[in-house]
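Here is the structure we will look at.
The values are calculated or read from the model by the stated rules, or taken from the named source; none is laboratory data. These numbers come from a predicted model, not from an experiment. When we count neighbours, we look across all protein chains shown, and the Cβ atoms used for this are built from the backbone with ideal geometry, even at glycine.
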Amino acid sequence: MTSEELLAPTNEAETLRQQLLQAQRLSSVGELASSIAHEFNNILTTIINSAKLGSRNPDVQEKQQAFERIIKAGQRAAAIAAGMLGYARKSGTHRQRTDIARLVEEVLILTEKDLAKHRVAVETKFHDRPVAWVLPGQIEQILINLIINARQAMPNGGRLRIEVRENAEADTVEIKVSDTGVGIPPEQLRVIFEPFFTTKQPDEYGRGGTGLGLSVCRQIIEQHHGRIRVESIVGKGSTFTVKLPKRLPDDPE
């Protein structure tokens, strides 16, 4: 058997893995698409109404305020568009030296409207601004999956808390995502990272969970030589903790 034949199964498995990551990535974007479209509609309404008021009002101060509202709305739209484009483009295979807290901030720009729509208050706490060598798009994919899962666990609203800290002694970065949702029964904690396992019921459109979100999270984290753990109390909420090494032996100093 040639070396090419020996490598073929591995290459095929890696291709399938990348396709799975991309499919789940598109699925998570689909979860946010409706809220983002609604946000853009609100922004356009603000811009149009402010432009009309500014053009008709002879008062210079009123015109200035209208222009300021237009600029602010445009900047908001630009930030959302940049976040979406950045998320779409961050699908490379090269690790980069990345500000992890900044990734959280970028993901929250994309998820802000969706969380507000479902009455979820967000709290962030960055104990440090740790930098790690990672695939940024894949870490954002983890964050979006964990945030969407947290929101779905709080059907009547609640509080989402995201913490980022550096463990200098272990040379790792820790990301903690906590919710005040329904919690996960102990018997399910052992299988929530298994592919296609889901407890989500179909929504009004007949869409349920794919059971791939947490499975993909675990794959990505293992590829980064990290770990993920979950703590949960039924009726009180869950906390997912991701620990990533700041660098691997083959990363640049």
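Considering only segment 150-202, state which residues are modelled with pLDDT under 90 and either under 18 Å from the mean Cα position of the chain (by Cα) or among the hydroxyl-bearing types (Ser, Thr, Tyr) (or both).
Listed by number, the residues that qualify are PHE193, THR198, THR199.
Residues being among the basic types (Lys, Arg) and assigned to a strand (DSSP E or B): count how many of those fall in segment 106-157.
Total satisfying the criteria: 1.
Kindly establish whether ARG97 is surrounded by fewer than 14 Cβ atoms within 10 Å (Cβ to Cβ), within 30 Å of GLU163 (Cα to Cα) and modelled with pLDDT of 75 or more.
Taking the combined requirement at face value, the residue satisfies it.
List the number of the failed condition for VAL131; all other conditions in (1) farther than 16 Å from ALA116 by Cα; (2) within 13 Å of the chain's Cα centre (by Cα) hold.
Only one criterion in (1) farther than 16 Å from ALA116 by Cα; (2) within 13 Å of the chain's Cα centre (by Cα) is unmet by VAL131, namely (2).
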